[in-house]
Amino acid sequence: MKVMRLADSGNSPKLVEATLPDPVPASGQVVVRVSAAGVTPTELAWYPTTHDPSGTPRTGAVPAHEFSGSVAAVGPNVYDFTLGQSVFGMNDWFAQGAVAELCLTDAASIAPSPITLTPTQAASVPIGALTAWQGLFEHGHLHPGDRVLIHGAAGSVGHFAVQIAHLHGAHVIATASRHNFDLVRQLGADEIIDYHSTRFEQAVTEPVDIVFDTVGGDTLLRSLSLVKPGRYAVTIAADKESSEDPRVQHAFFIVKPNQRQLMEIAALIDTGKLRTLIDAVVPFAEAEAAYSGKIAGRNGHGKLVIAVDPPTV
Ligand SMILES: NC(=O)c1ccc[n+]([C@@H]2O[C@H](COP(=O)([O-])OP(=O)(O)OC[C@H]3O[C@@H](n4cnc5c(N)ncnc54)[C@H](OP(=O)(O)O)[C@@H]3O)[C@@H](O)[C@H]2O)c1
């Protein structure tokens, strides 16, 4: 199969085209013929991209762990999927990713694709929507009526967090650039703060039940005093290695694949309650530019997507 993988040499990560053997599914696994893959640019520097699970340095990783496509092969003990079925989902961060013609995943990490989305749109959903879902419900313990502060509301995770919190009856306070205000309001934000011109901690006049942070650093630290005692700060942008502050360590989590949640997310999309935003779509040959940020004509919100199989764009 044709892939884009990290070059073995050079100081900064660079993607190069290569050919790898087609993956063979083991028990419980599925091979997906990739239509499109979602881009998380920071992933190239993450530990699973540069190390094996044993800690050995890793070379030649294929990035992008969320995708849409069709089932190309199923391993033993897979009963939920049929050949050719349209699916979307994610795979393990240590596995080879989806900037590839074929991608190997656990059957439990994918779900039938939303029927109202194109494959390109479907590839923009899994990581953003699952991260928002898990951050709000599993880590933030969201209840209707909660006040929720969401940093990075127009981002690929943040725009799902705003919508899901709003759908669950929360009062949503969002931070974003001014050019994204109309959009973030349409997604369900009740209050929006321009983080360029306003110190958000001065604009938020009453404590919040949940901070959902996608920015990290100073933004997370300045948010902690806004959280009501006994409620939750959640961050996806810091990581445990980058801070010794126990409050940061406690707030951080990494998204996990979850088939049931993907199915609930697909149902919300197909009933028109949840939408996905795409920043730009780039062809397979320009995957390197997608990861290095050198893409023209971006919308300025949502997810960057690589169209692996051009007819599905
Ligand atoms: N831990 C996990 O499981 C996990 C999962 C997914 C992503 N991540 C990480 O989470 C981070 C965000 O991911 P993403 O895909 O949502 O990124 P993204 O699509 O690039 O969005 C980031 C957003 O942050 C906003 N922003 C930048 N500086 C800000 C500030 N000081 N205050 C408030 N908002 C600010 C920008 O908003 P404007 O455009 O409005 O300025 C932008 O929309 C990345 O570091 C990513 O690697 C972690």
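Could you say whether any residue in the stretch 135-158 is within 28 Å of G75 (Cα to Cα), assigned to a helix (DSSP H, G or I) and not polar (S, T, N, Q)? Scanning the stretch 135-158 turns up no residue that is within 28 Å of G75 (Cα to Cα), assigned to a helix (DSSP H, G or I) and not polar (S, T, N, Q). Could you look through the stretch 217-234, keep only residues that are within 12 Å of the ligand (Cβ to nearest atom) and free of Cβ contacts under 8 Å to residues at least 24 places away in the same chain, and pick out the one that is nearest to A111 (Cα to Cα)? Going through the qualifying residues, I end up with G217. When you look at D213, is it buried (at least 16 other Cβ atoms within 10 Å of the Cβ), in contact (Cβ under 8 Å) with a residue 60 or more places away in the chain, in contact with a helix residue (DSSP H, G or I) (Cβ under 6 Å, 6 or more places away or on another chain) and on the phi < 0 side of the Ramachandran plot, yes or no? Yes; evaluated as a whole, the condition is true for this residue.
Within the stretch 138-158, does at least one residue satisfy the condition of being more than 12 Å from the ligand (Cβ to nearest atom) and small (G, A, S)? Taking every residue of the stretch 138-158 in turn, at least one turns out to be more than 12 Å from the ligand (Cβ to nearest atom) and small (G, A, S). Do any residues in the stretch 165-178 that are closer than 14 Å to E206 by Cα and in the same structural domain as V148 (by TED's automatic domain parsing) have Cβ atoms under 8 Å from those of residues that are away from the ligand (no atom under 16 Å from the Cβ) and assigned to a loop (DSSP other than H, G, I, E, B), where the two are at least six apart or on different chains, and which pairs are they? Pairs that qualify, where the first residue is closer than 14 Å to E206 by Cα and in the same structural domain as V148 (by TED's automatic domain parsing) and the partner is away from the ligand (no atom under 16 Å from the Cβ) and assigned to a loop (DSSP other than H, G, I, E, B), are H171/G145; H171/D146; H171/D190; V172/D190; I173/D190.
Restricting the search to the stretch 250-263, which residues are under 22 Å from A111 (Cβ atoms) and either within 16 Å of the ligand (Cβ to nearest atom) or surrounded by fewer than 14 Cβ atoms within 10 Å (Cβ to Cβ) (or both)? Selection gives F253, I254, V255, K256, P257, N258, R260, Q261, L262, M263. Counting only residues that are at pLDDT 95 or above and either in a loop (DSSP other than H, G, I, E, B) or not hydrophobic (A, V, I, L, M, F, W, C) (or both), how many does the stretch 8-39 have? The total comes to 15.
For the stretch 104-134, the set of residues classified as in a helix (DSSP H, G or I) and farther than 17 Å from L167 by Cα consists of A107, A108, S109, P119, T120, Q121, A122, A123, P126, I127, listed by residue number.
Within the stretch 76-90, one or more residues are surrounded by 22 or more Cβ atoms within 10 Å (Cβ to Cβ), in a strand (DSSP E or B) and on the phi > 0 side of the Ramachandran plot. The lone criterion from (1) within 19 Å of the chain's Cα centre (by Cα); (2) at pLDDT 95 or above left unmet by L226 is number (1).
For the stretch 275-313, filtered to residues that are in a loop (DSSP other than H, G, I, E, B), among the small types (G, A, S) and more than 15 Å from the chain's Cα centre (by Cα), the residue that is surrounded by the most Cβ atoms within 10 Å (Cβ to Cβ) is G300. The set of residues in the stretch 170-203 that are within 13 Å of the ligand (Cβ to nearest atom) and farther than 17 Å from F160 by Cα comprises R178, H179, I193, D194, Y195, H196, S197, T198, R199, F200, E201, A203. For the stretch 134-169, residues that are in contact with a Pro (Cβ under 8 Å, 6 or more places away or on another chain) and closer than 20 Å to A267 by Cβ total 2.
Of the conditions (1) modelled with pLDDT of 95 or more; (2) among the polar types (S, T, N, Q); (3) in contact with an Asp or Glu (Cβ under 8 Å, 6 or more places away or on another chain), T276 satisfies every one except a single condition; which number is it? It fails just one condition, (3). Of F284, F252, all but one fail to be modelled with pLDDT under 95 and aromatic (F, W, Y); the exception is F252.
The values are calculated or read from the model by the stated rules, or taken from the named source; none is laboratory data. This structure is a prediction, so every number in the text was calculated from the model and none was measured. Because the Cβ atoms are built from the backbone with ideal geometry, glycine has one as well, and the counts that use them run over all protein chains shown.
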